[in-house]
Every structure is written in structure tokens, then in C-alpha cells.
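Report on one structure; see the data block that follows.
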Amino acid sequence: MTVSATHSAIDAVWRIESAKVIAGLARMVRDVGLAEELAQDALLAALETWPGTGVPDNPGAWLMAAAKNRALDHFRRDKLLERKHEELAGEMELEQEIAAADHEAALIERMDDDIGDDLLRLVFVACHPVLSTEARVALTLRLLGGLTTDEIARAFLVPEPTIAQRIVRAKRTLAETRVPFEVPRKEDLAARLSSVLEVIYLVFNEGYSATAGEDWMRPALCEEALRLGRIVAELVPKEPEVHGLVALLEIQASRSGARIGASGEPVLLLDQDRARWDHLLVRRGLAALQRAEQLDGNRKGGALGGAPGPYALEAAIAACHARARTAAETDWTRMAALYDALAQLAPSPVVELNRAVAVAMAFGPAEGLALVDALVPDPVLSGYHLLPAVRGDFLAKLGRHDEARAEFERAASLTQNAREKKLLLDRAGASNHKLRVVK
């Protein structure tokens, strides 16, 4: 294997194994920042060693062993080994075992605990509410996604130093506030799990509909969010909303190939060639939705409650599209009812805007326009480009092309995404053409 091929293999291994290595170290050193530094040392060792020796049969185990050795070196160098043994003994009631065994062997043995538990702890720490939303997103992609600072910066079109500062500050905040490396207690689990799901959904949405830049989508972010969602679903398999979020992401991601035209232009949902949807992802999404619904039906409790949560409801809405062979077969009446339920459970102007679209498709554009007009004064939507875009669509369907053109032009002025801006200006031009024809 060439050096270049070996480095590519190391990159792939790191993406898969880095979170496990960092999680195992973080439990031992009780410091996420230090854990990542030690894991990076193991990565450097792989970059130095593997080009000469070849990629080991079990590269993940190699990285973990290298990380353990560096952790032990760190403890010896800073004379912390004895104190760490005492802490471990006090926490795990292993005083007699540690006293009788070789200290270093006992420390290594403690690092061989259930990796799944460690990963879950790392997920909750990276998404801790003490951090800002931006910091949680950056730290999650860094620690759990294995992305470099440069990759995160490019994904979000943010300068690399900005992302680096967010990550450094996040680690410092976690250390200064002494956030424990543990799964939250039952009374705290709902809020903490909601924070985790929010981060994953934010990452996915930025990939699915980029807020700025030249590209309509950034598939790498969608894929990373899907991977994180699936990991969390494996770690907390009895929480319906986790499966609800995974269902939503799977179904939305299934449309990715049909959302972009030959020249990179956006293709709206009702205009998409559904043969280009990824039907494996559709089946996976519907299966995840079924798991969420079964869990909700089988019990009244759960960290996020017994009734269908917002993500499960959004997934059920997405499933209405997924189950329809053509746009004309979409069950808009059911979708409007689901949006009614979502608006009661998680009220927001954006949900109301989406509900207006479903109502318009089910009962006519005049009904939808009345709902949208009621949202116009809401300050939350004052700079939201989709409000005038939706209003323009309804006006165009009602034959009010002059007003529609003005709304599409306003929507275009509000978006920072170049592809979306062109789409909206094209729609404004189409409305202008229809107006000339009518006149």
C-alpha cells in the first residue's frame, strides 16, 4: 500500500474509531480536552508507524492501545497516577483489587469497560446545554464526527479560526463548570436528550438546505448527522423520539439525489422525479418511524414523554410524501392534521407556515393564504425568506401575478444561498411573464 493510500485508510479509520477512543479516555481523565489531545497523539503515532508497517488488522484496537499508553505516560509525567487510582477506587469500590494488582494494569483494565456507555457519555457532554448552540454543533462534529477544524469551517462557511475558538472555549467551559462525564440522571434526561437531538437536526438541516453559499446542499453534513442519529438510536434504543428523529432524517435524506438538477439547481419536492429517491433510505425511515410509534404505544413514560413527540410527528409528515408514488397521490388532508398536532405540541411560526402549505394543498390556496397573511406581522418571520416565498406561491396560484412577483423578489433578497436566490428570481420572472400574457 502506498503512503497516500495508507493516509487515506488512516483518515477513514479515524472517522470511525476516534469517538470511541476519545470517549474511553475522557472517562479515565475526566477532561474532554485532554482526552482529545491524547487521542490526537495516538493518531500521530499511526501516521508515523502505519506507512512502514501497514494498517493493522484491527486498527481501532491499535489506536485505543496507543491512546492508553499515552494516557499512562501523561499520568506518570504529571505524577497523577496514584491520585487517579484513588479516585477510581472510590468511585468503583475497587480498593482491594487495585491494592492487590499492578497499578498500571488496573488502570488499563478500567479503560476496557463498555465502549457504548462511554460513547453515550461523550454525546451528552458534547451537547451539554451549558454550551452555546454553535459550540455544541462544532464540538459534536469534532469529537463524535472526527472532522477537522478546517472541515467544520468549510461545511458551515465560517472562518477556521472562528470554529477553532468555539471548540477551545467549549472545552474550557466544560472544564470550568465541571460537567460530569456521565449519563444524566432520570430527572435531567429529557432536557439533555432534547439538546442532543437538536444538535443532530441542526447539522442535518444545514446540509439539507444550506443557509448560505453557492451550493443548495452539503451532503457530507447530512451523512454525518445520519450517522450520529443512528449511533444515538443504538445507545438509547427505548426512546421513541430518537427513532422519530432518525426516521425524519432517513426519509428526508432519501430525496437528496432528486433535489438537485443537472446544473446544480434546486428541484422542489413536488417537481422531483421520485424514481431518483433512495428507496432503501425510505424503507429505513419508515421502519424507524414504526419503532417510534410502537414504543409510544407500548408505554406511557420515557425521557421525552409517552405521546408522539415533535420529531416523530415530523417524520410522520415526511412519510406522507414517502408513501405517495406521485405528488398527486400525497395525502395532504392527513398532513394538515399532523401539522395541527405538531402546532399544538411544539408551537412556532415556522410550524404554522408549513401547516399553511399543507392546508393550501388540501383545501385550496385561498385557505393557505389566509393563514400566511396572519403570520406576516410576526417579528420572528420578518427576515425569513420562506414566508414571502410561500405567500408568492399562493398568490400565483390565485392568479395575482403582480403581487406574487413582488413576494418572490422579496424572498430572493432575504436568502443568502445563491442557488435559492436564482430559483426565487426565476419564479418572479415567470410571474411577470404570466402577468404580461394576461394583460
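The values are calculated or read from the model by the stated rules, or taken from the named source; none is laboratory data. Bear in mind that the values here come from a model prediction, so they are computed numbers and not experimental data. Here the Cβ is made from the backbone with ideal geometry for all residues, glycine too, and neighbour counts use every protein chain on show. For the accessible areas, the whole protein counts, side chains as well, though only heavy atoms, and no ligand, DNA or RNA atoms are used. Shrake-Rupley method; radii C 1.70, N 1.55, O 1.52, S 1.80 Å.
Before moving on, here are some points about what is shown:
- Number of positions in region 270-282 that are exposed (fewer than 14 other Cβ atoms within 10 Å of the Cβ) and within 22 Å of the chain's Cα centre (by Cα): 2
- Selection status of Ser431, at pLDDT 95 or above and over 30 Å from Pro308 (Cα atoms): no
- Glu403 vs. criteria surrounded by fewer than 22 Cβ atoms within 10 Å (Cβ to Cβ) and in contact with a Leu (Cβ under 7 Å, 6 or more places away or on another chain): yes
- The residues in region 180-195 that are assigned to a helix (DSSP H, G or I) and touching a residue at least 60 places away in the same chain (Cβ under 8 Å) can be counted, and the count is 8.
- The residue that is nearest to Ala71 (Cα to Cα), among those in region 1-32 that are surrounded by 15 or more Cβ atoms within 10 Å (Cβ to Cβ) and of a type in the set (Ser, Thr, Tyr), is Ser18.
- Filter pass, Glu198 being part of a helix (DSSP H, G or I) and either open to solvent by less than 60 Å² (accessible area, probe 1.4 Å) or under 16 Å from Ala126 (Cβ atoms) (or both): yes
- Pairs, first within 17 Å of Leu43 (Cα to Cα) in region 135-153, second of a type in the set (Phe, Trp, Tyr), C-beta under 6 Å, six or more apart: Gly146/Trp14
- Residue satisfying all of: in region 111-122; open to solvent by 10 Å² or more (accessible area, probe 1.4 Å) and in a helix (DSSP H, G or I); modelled with the lowest pLDDT among these: Ile115
- Residue within region 256-265 that is modelled with pLDDT of 95 or more and β-branched (Val, Ile, Thr) present: no
- Members of region 358-391 found to be loosely packed, with under 13 Cβ neighbours inside 10 Å and of a type in the set (A, V, I, L, M), listed by number: Ala366, Ala374, Val376, Val380
- Residue list for region 149-179, filter: surrounded by fewer than 15 Cβ atoms within 10 Å (Cβ to Cβ) and not in a helix (DSSP H, G or I): Pro159, Thr177, Arg178
- Search result, residues across region 123-148 that are of a type in the set (A, V, I, L, M) and either in a helix (DSSP H, G or I) or closer than 15 Å to Lys20 by Cβ (or both): Val123, Val125, Ala126, Ala135, Val137, Ala138, Leu139, Leu141, Leu143, Leu144
- Of all residues in region 201-234, those satisfying the criterion of being in a helix (DSSP H, G or I) and open to solvent by 40 Å² or more (accessible area, probe 1.4 Å) are Leu202, Asn205, Pro219, Ala220, Glu223, Arg227, Arg230, Ile231, Glu234.
- Residue in region 221-235 that is out of contact with any Lys or Arg (no Cβ under 8 Å at 6 or more places or on another chain), within 30 Å of Ala411 (Cα to Cα), free of Cβ contacts under 8 Å to residues at least 60 places away in the same chain and not hydrophobic (A, V, I, L, M, F, W, C) present: yes
- Scanning region 309-333 for residues that are surrounded by 23 or more Cβ atoms within 10 Å (Cβ to Cβ) and not in a helix (DSSP H, G or I) yields a single hit, Gly309.
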